[in-house]
Amino acid sequence: TKKISYTLYKPRKYQFKSTRFKTRSEQEIKKCEKELLSLEERIREVDSQVHHLQHISVTTATDERMQLRKLQINATDLKDLANRLCNGLVKKRMEMNTTKTLAFIFGLNIQNRSSDGVFVYHCGRLIKMYEKVGQANKKILYCRGVVGIVDIPSIVLETTHNKQSFVDEKEYHFLLKNMGEYMRQYWTDTGIEHYVQEFWETYGMKICLII
């Protein structure tokens, strides 16, 4: 993402905050709850075995004492793991309702105006490129040449198995919609809209479209 942003003219960063992205957290919570239930069942089974061996007074045979000791160690390890899962579950539930912050970077591709749109990364991996947002009409020059970049952390969105899209399309389109709004804000902030024809002609690109 850094390499692309360095090639852009007039790059600008915006902070986008939202509490909308909850699907990923909800999935993680359900997965954690399922693992915890399974773990608690295993703990009950091991505790039952330990209780049984203790009540039949197995204290003489070496093999049986070793078996009891292994079960006790296993029970302790499982309970430690369950405690860690419980703490993680509490954290995930808190994260679900926290505000997620994403950095939107926009800039102008003065080398090739037609190669515009949004580059979407997920944990540093490129997932989508040249996604068209913020352009109400492709036949006009509004927001033409603008490139957007966003790197989405795993807590916000989950990718599909082939790493070419996102599982929750609704939240992904919500993200693109907001990137479109920020792209229009960037277009206004740069002030190019007031001299768009002169700007592109400066870089040798003729204007044949109606603004």
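The values are calculated or read from the model by the stated rules, or taken from the named source; none is laboratory data. Computed from a predicted structure; not experimentally measured. Here the Cβ positions follow ideal geometry from the backbone for every residue, glycine too, while neighbour counts run over all protein chains shown.
Every residue, every condition in (1) at pLDDT below 80; (2) among the polar types (S, T, N, Q), yes or no:
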| position | (1), (2) |
| --- | --- |
| Lys10 | no, no |
| Ser48 | no, yes |
| His52 | no, no |
| His55 | yes, no |
Original post:
In the range 5-59, which residue that is in contact with a strand residue (DSSP E or B) (Cβ under 6 Å, 6 or more places away or on another chain) and of a type in the set (Lys, Arg) is nearest to Gln72 (Cα to Cα)?
Top reply: Lys17
Original post:
Inside the range 140-173, can you point out the residues that are of a type outside the set (A, V, I, L, M), outside any loop (DSSP other than H, G, I, E, B) and touching a strand residue (DSSP E or B) at 6+ places or on another chain (Cβ under 8 Å)?
Top reply: Gly148, Asp151, Thr159, Phe166, Tyr172
**OP:** Tell me, please, whether a residue that is under 30 Å from the mean Cα position of the chain (by Cα), surrounded by 11 or more Cβ atoms within 10 Å (Cβ to Cβ) and either farther than 24 Å from Asn178 by Cβ or of a type in the set (Lys, Arg) (or both) can be found in the range 53-75.
**Re:** no
Subject >> Given (1) modelled with pLDDT of 85 or more; (2) among the β-branched types (Val, Ile, Thr); (3) exposed (fewer than 15 other Cβ atoms within 10 Å of the Cβ), number of the condition Ile210 does not satisfy >> reply: (1)
**OP:** Can you tell me which residue among Leu108, Leu68, Leu78 is touching a helix residue (DSSP H, G or I) at 6+ places or on another chain (Cβ under 8 Å) and either without any contact (Cβ under 8 Å) to a residue 24 or more places away in the chain or at positive phi (or both)?
**Re:** Leu68
**OP:** Select from the range 19-46 the residues that are acidic (Asp, Glu) and surrounded by fewer than 16 Cβ atoms within 10 Å (Cβ to Cβ) and list them in ascending order.
**Re:** Glu26, Glu33, Glu35, Glu40, Glu41, Glu45
